[in-house]
């Protein structure tokens, strides 16, 4: 196995790493860096549990090879602020059940709200359409994102 | 497997001429990574073009709109150069997978994988797109409609890569419509899709029509018989209905013996009509024929 | 009255914070010192005698051991009601996906590579995939017994006589397919020996106490020597009630005396756990001219696949719920659980009560149509109220607000 040297910024920290050429970004995050908040639900880009933000956009980390991430900036769930309103809204709205989809959902919501602080319900549903949840039926997740948007706009979220 | 991240197109062509078919181009990787993991693809080298600016982005020249093959679906959706008469191309790009897939997946991958269900191929066919293909020291152009050879196989030599997709920028009275039938809203592989490029005059006479279908044959293709029928006719409910009937027959013939023949040939009528009306709407700015 | 502190209030889920932070630990998130990795070899045939040769795989550098049925120290079986699953298939496989061997290696990559060197010789035998075929006397037998392993009967009143008095009778057959839970976290687990020599198994499971018994029995040790820890569980919906990773991991950790981990892919997850029962439901329902239900005769056949799992409980529930929430004085229901060579079926939300509404509610609509009643009228006429008696003789006491619920629907 040939190793490839990559430089990557993850959650604000610079890493210089030797990676196997067929290593996926998700394996790099989980197995090598122990950033296990990124989950693998399907390995085929269908479920979105492995969602991370790469270069400002959400991607499935199971469908990116680690060497492709060279010179990029990545944000995982561990890189989200401790008191982020999206996370709190998820907790308060009951949008978290088994929790396996939650990190990906939070990142998909963040990616939406970073661009659009006043999303319609349709836009919220579109933004999380690449993230499967088997517990909630999505409604509470949608309310959580709505609440977070309102809080970010300066409302009280009610 | 060797992983290569070339700095420019020249390097890509160099590697391609060295490895030929043993090297696979990877951009979004949304299909290729799954295939490699399943053992269906086993390339000696992977050449990553996902961050090569030369192969990314959308440009307008005097006559053409040019799209780099490593342009992602999201970039197509968000591009302001693609005006509203090209809505069908954006609609197709927006219908791909999910936000995550659209942020990685590229139009070049959509073409080169030659999947029958590739979402952006029917609109590009209806636009009569031309592909620019390059190898070390060589360059050629081929119409997209002549590119596909079989399911999953396009006409690309081992040392060549797709470097550009181009089509004529539509005029005011021209429009590109798209419609896709999937099993659900997100992450649905196309069951059936149509793209229609239309030009009509003030009398509603069809000057130019190009119709392309997806997920019906071995690869997306033009529906020439229906195009021929419609060309020169005044567009109204009658002609649309005639065209639908003709399409149903053509598709049933093509799929004969397959279980899906009956369903697809009937469903195609509705999907085609929606794409046609979408195109008409763009030409006219109004939709005269959709009743309800 | 004192104000209630918790009841009626929305409270935050206790582990929600860890889950939004990504710090909640699921079994796949556990990495231990000196941890080996296991992968499972599964049957690719639905019904076959097998011969397994693990020699080549065992010789590969980095492979620690390939476990088969010969390596099970205790009983080579498990199962929530009947012990009809084998830990590893010994002589024959009964479905696609039956575990045959467990390769444990230094790394996942080595274990995956070694999979290619396990030789399984299959001698196919006739298989049966249709439960009604399986019920026939001369059908292939999935286990060494009749394929019908459960028959539940409800008899109330005189159905034959009642049908003669009915103004309208509706007779239909309904079929519902298998369904997978598709919980988002594929099965995974880690096992190791603690300081006291006990086997510790960490796995996402719905029944740590059942698992403890089953693991102990297969290890041939006392229950006290087995600890089962349940970390965060990424959804279950009934799909984690049967054993998957637990015993394989325990045997490997006990034998190798080092931590062993396994993580299933989504594809393997589909192969490994149960499904919702596919059912075929024969329904004959009769009513008087005014819509009053008089008689129901139903035959419900549940496809249990290769193993029983909770089939008895599920098919009993289907029968008990066969009338729906409607009073019917004359009822004859027969439900059956049948072995086939399909994927095995078990618990899934509703537990047998989910399938039958497809039949009984459609019967109600069809009866209403034939009698010139609205769907709401026929339901109001027959719905359970306080004091109603169900087909099994249970008198419903207390709060039965169904009538109000149907009334509310009038406005839609």
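Details
- DSSP assigns beta bridges within chain C; of those with both partners inside it, close to 75 percent run antiparallel.
- Counting DSSP beta bridges with both ends in chain A, the antiparallel % (nearest 5): 90
- Taking a ≥ b ≥ c as the square roots of the eigenvalues of the Cα gyration tensor, chain B is prolate, since a/c reaches 1.5 or more and a/b is larger than b/c.
- Angle between chain A longest axis and helix A:102-115 axis [Cα atoms, degrees, rounded to 10]: 80
- Residues of the range C:296-327 with amide N under 16 Å of the 7 Å Cα→Cβ point at residue C:165: C:296-297, C:327
- Centre separation in Å (Cα based) which lies between the range B:57-89 and the range B:1-23: 26
- With a Förster radius of 60 Å applied to the C-beta separation of residue C:32 and residue B:63, the computed FRET efficiency comes to 0.40.
- Across peptide A:68-75, the mean count of Cβ atoms from other chains lying within 10 Å of each residue's own Cβ comes to 3.
- Acute angle (nearest 10 degrees) that the helix C:246-256 long axis makes with the longest principal axis of chain C, alpha-carbon atoms: 10
- When chain B is treated as a Gaussian network with alpha carbon springs shorter than 10 Å, the biggest mean-square fluctuation among B:263, B:167, B:272 belongs to B:263.
- For chain B, the longest principal axis of the alpha carbon atoms and the long axis of helix B:9-19 meet at an angle near 70°.
- Average beta carbon contacts from partner chains per residue of A:32-42, 10 Å cutoff: 5
- Length gained when the stretch residue C:90-residue C:395 is fully extended (0.36 nm per residue, less Cα-Cα span): 104.9 nm
- Spatial offset of the range C:201-219 relative to the range C:121-136 amounts to 31 Å, using the alpha carbon center of each.
- Listed peptides C:109-118, C:203-212 appear in the order C:203-212, C:109-118 once ranked by packing, highest mean of other Cβ atoms within 10 Å at the front.
- Each peptide among C:353-359, C:192-198, C:92-98 gets the average number of other Cβ atoms lying within 10 Å of its residues, and from highest to lowest they stand as C:92-98, C:353-359, C:192-198.
- Per-pair calculated FRET efficiency, R0 = 30 Å: residue B:143 and residue B:245 via Cβ, rounded to 0.05: 0.55
- For C:318, B:190, A:72, order by how many other beta-carbon atoms lie within 10 Å, fewest first: A:72, B:190, C:318
- Centroid-to-centroid separation of the range B:211-275 and the range C:304-357 [C-alpha atoms, Å]: 46
- Shielding of peptide C:104-113 by partners, expressed as the average count of other chain Cβ atoms within 10 Å per residue Cβ, is 1.
- In this simple spin-label model, placing a label point 7 Å from the Cα along the Cα-to-Cβ direction at both residue C:5 and residue A:114 gives a separation of 4.3 nm.
- Global form of the range B:145-205, assessed from the alpha-carbon gyration tensor, a/c cut-off 1.5: oblate
- Rounded to 5, percent antiparallel among DSSP beta bridges of the protein assembly as shown: 80
- Shape call, the range C:13-97: gyration tensor on alpha carbons, a/c limit 1.5: oblate
- FRET efficiency for the pair residue C:12 and residue A:71, taken as 1/(1 + (r/R0)^6) with r the Cβ-Cβ distance and R0 = 51 Å, rounds to 0.80.
- Computed from label points 7 Å out along Cα-Cβ, the spacing between residue C:266 and residue C:369 is 3.8 nm.
Computed from the coordinates by the stated procedures, all read-outs in this text should not be read as laboratory data. On a predicted model such as this, the values are computed, not experimentally measured, just so you know. We place every Cβ from the backbone using ideal geometry, glycine too, and count neighbours over all the protein chains shown.
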